[in-house]
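The values are calculated or read from the model by the stated rules, or taken from the named source; none is laboratory data. Since this is a predicted model, take the numbers as computed values, not measurements. Here Cβ is always computed from backbone atoms with ideal geometry, including for glycine, and neighbour counts include all displayed protein chains.
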Amino acid sequence: MGRKDVSQFPQIVKQWIEMEKEANERYYAEHPDALTLQFENDLRELGFEFEVLSQTEGFMPEYKETLLPIVAKYYRKAESQNDRKTFLSYFSHKGFEELVPLLLESFDPMQPDKALWEAGNCLYEIRSKKHVDDYLKIIIEPAFGTSRRMIVMLIGKLRVEKAVPILIDLLEDEEVRLHAITALGDFKREEFRPYFERFENDKHPGWRKYSRAALKKLDKQKEKNAKDDMQP
(Lines give C-alpha, C1' and ligand atoms only; values in the text may rest on other atoms or scores of the structure.)
Protein backbone atom coordinates (compact mmCIF):
# COMPACT_ATOMS: atom_id res chain seq x y z
CA MET A 1 0.00 0.00 0.00
CA GLY A 2 1.30 3.44 -0.88
CA ARG A 3 2.04 5.96 1.81
CA LYS A 4 -0.30 8.90 2.06
CA ASP A 5 1.29 12.22 3.02
CA VAL A 6 -1.11 14.90 4.22
CA SER A 7 1.49 17.23 5.75
CA GLN A 8 1.36 19.97 3.10
CA PHE A 9 -1.20 22.61 4.09
CA PRO A 10 -1.57 26.38 3.84
CA GLN A 11 -0.16 28.35 6.76
CA ILE A 12 -3.48 28.97 8.47
CA VAL A 13 -4.23 25.25 8.50
CA LYS A 14 -0.76 24.50 9.84
CA GLN A 15 -1.42 26.81 12.75
CA TRP A 16 -4.64 24.95 13.46
CA ILE A 17 -2.74 21.65 13.32
CA GLU A 18 -0.23 22.93 15.88
CA MET A 19 -3.09 23.84 18.19
CA GLU A 20 -4.59 20.37 17.80
CA LYS A 21 -1.20 18.77 18.46
CA GLU A 22 -0.84 20.67 21.72
CA ALA A 23 -4.36 19.74 22.80
CA ASN A 24 -3.75 16.08 21.95
CA GLU A 25 -0.46 16.01 23.85
CA ARG A 26 -2.17 17.32 26.96
CA TYR A 27 -5.03 14.84 26.59
CA TYR A 28 -2.75 11.84 26.02
CA ALA A 29 -0.55 12.83 28.95
CA GLU A 30 -3.64 12.59 31.15
CA HIS A 31 -5.08 9.54 29.33
CA PRO A 32 -2.16 7.33 28.24
CA ASP A 33 -4.55 4.43 27.57
CA ALA A 34 -6.80 6.47 25.27
CA LEU A 35 -8.31 4.46 22.43
CA THR A 36 -7.61 7.26 19.97
CA LEU A 37 -3.89 7.08 20.78
CA GLN A 38 -3.92 3.32 20.16
CA PHE A 39 -5.77 3.95 16.91
CA GLU A 40 -3.16 6.50 15.81
CA ASN A 41 -0.39 4.01 16.50
CA ASP A 42 -2.17 1.31 14.49
CA LEU A 43 -2.46 3.63 11.49
CA ARG A 44 1.19 4.64 11.64
CA GLU A 45 2.24 1.00 11.81
CA LEU A 46 0.28 0.47 8.58
CA GLY A 47 2.29 3.22 6.90
CA PHE A 48 -0.16 6.13 7.02
CA GLU A 49 1.48 9.51 7.49
CA PHE A 50 -0.32 12.32 9.31
CA GLU A 51 0.33 14.96 11.93
CA VAL A 52 -2.96 14.93 13.84
CA LEU A 53 -5.77 12.40 14.03
CA SER A 54 -8.38 14.59 12.36
CA GLN A 55 -6.39 14.43 9.12
CA THR A 56 -6.91 10.67 8.91
CA GLU A 57 -10.59 11.15 8.07
CA GLY A 58 -9.29 12.14 4.64
CA PHE A 59 -8.11 8.57 4.08
CA MET A 60 -11.75 7.61 3.58
CA PRO A 61 -13.17 6.28 1.34
CA GLU A 62 -9.98 5.51 -0.62
CA TYR A 63 -8.61 3.21 2.08
CA LYS A 64 -11.97 1.86 3.19
CA GLU A 65 -11.00 -1.82 3.00
CA THR A 66 -8.01 -1.29 5.27
CA LEU A 67 -9.47 1.18 7.74
CA LEU A 68 -13.08 0.16 8.30
CA PRO A 69 -12.35 -3.04 10.25
CA ILE A 70 -9.93 -1.13 12.48
CA VAL A 71 -12.28 1.79 13.10
CA ALA A 72 -15.21 -0.56 13.76
CA LYS A 73 -13.11 -2.46 16.30
CA TYR A 74 -12.33 0.71 18.23
CA TYR A 75 -15.90 1.97 17.96
CA ARG A 76 -17.12 -1.21 19.65
CA LYS A 77 -14.59 -0.69 22.45
CA ALA A 78 -15.37 3.00 22.93
CA GLU A 79 -17.18 3.88 26.13
CA SER A 80 -16.91 7.66 26.22
CA GLN A 81 -19.07 9.84 24.01
CA ASN A 82 -15.96 11.66 22.79
CA ASP A 83 -14.33 8.43 21.58
CA ARG A 84 -17.53 7.27 19.90
CA LYS A 85 -17.86 10.59 18.10
CA THR A 86 -14.26 10.36 16.89
CA PHE A 87 -14.72 6.92 15.36
CA LEU A 88 -18.16 7.71 13.95
CA SER A 89 -16.60 10.47 11.87
CA TYR A 90 -15.10 7.78 9.60
CA PHE A 91 -18.47 6.16 8.90
CA SER A 92 -20.33 9.00 7.17
CA HIS A 93 -19.94 7.88 3.57
CA LYS A 94 -22.60 6.76 1.14
CA GLY A 95 -22.49 3.04 0.49
CA PHE A 96 -20.77 1.89 3.69
CA GLU A 97 -23.46 -0.80 3.97
CA GLU A 98 -21.45 -3.13 6.18
CA LEU A 99 -21.56 -0.61 9.02
CA VAL A 100 -25.34 -0.36 9.25
CA PRO A 101 -25.87 -3.31 11.65
CA LEU A 102 -23.18 -1.90 13.97
CA LEU A 103 -24.81 1.53 13.95
CA LEU A 104 -28.26 0.09 14.56
CA GLU A 105 -26.89 -1.75 17.59
CA SER A 106 -25.96 1.66 18.98
CA PHE A 107 -29.61 2.65 19.32
CA ASP A 108 -30.19 2.17 23.00
CA PRO A 109 -32.47 4.67 24.78
CA MET A 110 -29.95 4.72 27.62
CA GLN A 111 -27.33 6.32 25.36
CA PRO A 112 -27.08 10.14 25.30
CA ASP A 113 -29.20 11.82 22.63
CA LYS A 114 -26.14 13.38 21.01
CA ALA A 115 -24.41 10.01 20.59
CA LEU A 116 -27.53 8.52 19.03
CA TRP A 117 -28.00 11.54 16.77
CA GLU A 118 -24.45 11.08 15.45
CA ALA A 119 -25.12 7.39 14.75
CA GLY A 120 -28.35 8.39 13.00
CA ASN A 121 -26.48 10.93 10.92
CA CYS A 122 -24.10 8.20 9.75
CA LEU A 123 -27.08 6.06 8.73
CA TYR A 124 -28.45 9.02 6.80
CA GLU A 125 -25.17 9.45 4.93
CA ILE A 126 -24.81 5.73 4.17
CA ARG A 127 -28.36 5.61 2.69
CA SER A 128 -28.81 1.84 2.91
CA LYS A 129 -32.15 0.54 1.61
CA LYS A 130 -31.70 -2.86 3.24
CA HIS A 131 -32.71 -1.95 6.78
CA VAL A 132 -35.93 0.01 6.37
CA ASP A 133 -37.83 -2.01 8.97
CA ASP A 134 -35.15 -1.22 11.54
CA TYR A 135 -35.37 2.49 10.72
CA LEU A 136 -39.13 2.43 11.20
CA LYS A 137 -38.80 0.77 14.61
CA ILE A 138 -36.55 3.62 15.68
CA ILE A 139 -38.62 6.54 14.42
CA ILE A 140 -41.85 5.30 16.05
CA GLU A 141 -40.15 5.00 19.44
CA PRO A 142 -40.59 8.26 21.40
CA ALA A 143 -37.88 7.20 23.85
CA PHE A 144 -35.30 7.98 21.17
CA GLY A 145 -36.41 11.61 21.18
CA THR A 146 -34.52 14.00 18.92
CA SER A 147 -32.00 11.32 17.94
CA ARG A 148 -34.61 10.04 15.45
CA ARG A 149 -34.36 13.16 13.33
CA MET A 150 -31.81 12.10 10.72
CA ILE A 151 -33.45 8.70 10.35
CA VAL A 152 -36.79 10.38 9.67
CA MET A 153 -34.97 12.37 6.98
CA LEU A 154 -33.43 9.16 5.64
CA ILE A 155 -36.89 7.62 5.25
CA GLY A 156 -37.83 10.59 3.09
CA LYS A 157 -34.70 10.37 0.95
CA LEU A 158 -35.38 6.68 0.35
CA ARG A 159 -39.07 7.42 -0.31
CA VAL A 160 -40.23 4.48 1.75
CA GLU A 161 -43.86 4.04 0.77
CA LYS A 162 -44.97 2.11 3.84
CA ALA A 163 -43.54 4.86 6.04
CA VAL A 164 -45.99 7.51 4.81
CA PRO A 165 -48.63 6.92 7.54
CA ILE A 166 -45.88 7.01 10.17
CA LEU A 167 -44.47 10.28 8.82
CA ILE A 168 -47.94 11.81 8.87
CA ASP A 169 -48.35 10.74 12.49
CA LEU A 170 -44.96 12.25 13.32
CA LEU A 171 -46.27 15.66 12.30
CA GLU A 172 -47.88 15.64 15.74
CA ASP A 173 -44.52 15.06 17.44
CA GLU A 174 -42.80 18.42 17.85
CA GLU A 175 -39.40 16.80 18.43
CA VAL A 176 -39.33 15.52 14.85
CA ARG A 177 -42.03 17.60 13.13
CA LEU A 178 -39.59 19.60 11.01
CA HIS A 179 -37.94 16.42 9.79
CA ALA A 180 -41.27 14.72 9.08
CA ILE A 181 -42.27 17.75 6.98
CA THR A 182 -39.00 17.49 5.05
CA ALA A 183 -39.34 13.73 4.59
CA LEU A 184 -42.89 14.04 3.25
CA GLY A 185 -41.69 16.82 0.96
CA ASP A 186 -39.21 14.43 -0.64
CA PHE A 187 -42.11 12.36 -1.98
CA LYS A 188 -43.34 15.35 -4.06
CA ARG A 189 -46.94 14.18 -3.75
CA GLU A 190 -49.72 16.65 -4.44
CA GLU A 191 -51.99 14.91 -1.94
CA PHE A 192 -49.57 15.92 0.82
CA ARG A 193 -50.12 19.63 0.14
CA PRO A 194 -52.58 20.11 3.07
CA TYR A 195 -49.96 18.87 5.53
CA PHE A 196 -47.53 21.55 4.38
CA GLU A 197 -50.16 24.28 4.19
CA ARG A 198 -50.94 23.61 7.83
CA PHE A 199 -47.52 24.96 8.83
CA GLU A 200 -46.64 27.41 6.03
CA ASN A 201 -47.52 30.42 8.21
CA ASP A 202 -46.62 28.92 11.56
CA LYS A 203 -44.77 31.01 14.14
CA HIS A 204 -42.06 28.36 14.36
CA PRO A 205 -39.44 29.44 11.76
CA GLY A 206 -38.27 25.90 10.97
CA TRP A 207 -41.72 24.43 10.44
CA ARG A 208 -42.67 27.46 8.34
CA LYS A 209 -39.48 27.39 6.25
CA TYR A 210 -39.56 23.69 5.39
CA SER A 211 -43.30 23.62 4.77
CA ARG A 212 -42.86 26.42 2.25
CA ALA A 213 -39.92 24.57 0.70
CA ALA A 214 -42.08 21.46 0.33
CA LEU A 215 -44.85 23.51 -1.26
CA LYS A 216 -42.36 24.97 -3.75
CA LYS A 217 -41.34 21.43 -4.69
CA LEU A 218 -44.97 20.59 -5.35
CA ASP A 219 -45.47 23.72 -7.45
CA LYS A 220 -42.39 22.94 -9.55
CA GLN A 221 -43.51 19.36 -9.98
CA LYS A 222 -46.95 20.58 -11.04
CA GLU A 223 -45.41 22.92 -13.63
CA LYS A 224 -43.21 20.13 -14.95
CA ASN A 225 -46.17 17.76 -15.26
CA ALA A 226 -48.16 20.42 -17.12
CA LYS A 227 -45.31 20.94 -19.60
CA ASP A 228 -44.95 17.20 -20.09
CA ASP A 229 -48.67 16.92 -20.81
CA MET A 230 -48.33 19.57 -23.52
CA GLN A 231 -45.65 17.61 -25.35
CA PRO A 232 -46.91 15.96 -28.56
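Data table
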| read-out | value |
| --- | --- |
| Of all residues in region 14-54 being among the hydrophobic types (A, V, I, L, M, F, W, C) and not in a helix (DSSP H, G or I), the one that is farthest from the chain's Cα centre (by Cα) | Leu46 |
| Which numbered condition Leu167 fails, given (1) without any contact (Cβ under 8 Å) to a residue 24 or more places away in the chain; (2) exposed (fewer than 15 other Cβ atoms within 10 Å of the Cβ) | (2) |
| Selection from region 64-82 of residues that are surrounded by 18 or more Cβ atoms within 10 Å (Cβ to Cβ) and not aliphatic (A, V, I, L, M) | Tyr74, Tyr75 |
| Region 130-140: number of residues that are assigned to a loop (DSSP other than H, G, I, E, B) and either at pLDDT below 95 or within 12 Å of Leu104 (Cβ to Cβ) (or both) | 2 |
| Residues (surrounded by 14 or more Cβ atoms within 10 Å (Cβ to Cβ) and in contact (Cβ under 8 Å) with a residue 24 or more places away in the chain) located in region 88-105 | Leu88, Ser89, Tyr90, Phe91, Ser92, His93, Phe96, Leu99, Val100, Leu102, Leu104 |
| Residues within region 191-212 that are surrounded by 11 or more Cβ atoms within 10 Å (Cβ to Cβ) and part of a helix (DSSP H, G or I), tallied | 12 |
| Pairs where the first residue, in region 25-52, is at positive phi and surrounded by 10 or more Cβ atoms within 10 Å (Cβ to Cβ) and the second is outside any helix (DSSP H, G or I) and of a type in the set (Lys, Arg), C-beta under 8 Å, 6+ apart | Gly47/Arg3 |
| Criterion (assigned to a helix (DSSP H, G or I), among the hydrophobic types (A, V, I, L, M, F, W, C), more than 25 Å from Pro112 (Cβ to Cβ) and under 22 Å from the mean Cα position of the chain (by Cα)) met by exactly one of Leu215, Leu178, Leu184, Leu154 | Leu184 |
| Leading residue by the ranking (nearest to the chain's Cα centre (by Cα)) among those in region 106-133 that are of a type in the set (Asp, Glu) and within 19 Å of Tyr74 (Cα to Cα) | Glu118 |
| Members of region 13-48 that are of a type in the set (Lys, Arg) and farther than 16 Å from Tyr74 by Cα | Lys14, Lys21, Arg26 |
| Gln111, sole failed condition from (1) closer than 30 Å to Gln221 by Cβ; (2) out of contact with any helix residue (DSSP H, G or I) (no Cβ under 7 Å at 6 or more places or on another chain) | (1) |
| Spans of helices (runs of 4 or more DSSP H) in region 55-123 with at least 1 residues at pLDDT 95 or above and of a type in the set (A, V, I, L, M) | 64-77, 100-105 |
| Residues of region 167-222 that turn out to be closer than 21 Å to Phe144 by Cα and polar (S, T, N, Q), as a count | 1 |
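Listed here are the residues, each with its yes/no results for (1) within 14 Å of Ile139 (Cα to Cα); (2) out of contact with any strand residue (DSSP E or B) (no Cβ under 7 Å at 6 or more places or on another chain); (3) at pLDDT 95 or above; (4) of a type in the set (Val, Ile, Thr).
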site: Val164; (1), (2), (3), (4): yes, yes, yes, yes
site: Leu167; (1), (2), (3), (4): yes, yes, yes, no
site: Glu191; (1), (2), (3), (4): no, yes, yes, no
site: Phe196; (1), (2), (3), (4): no, yes, yes, no
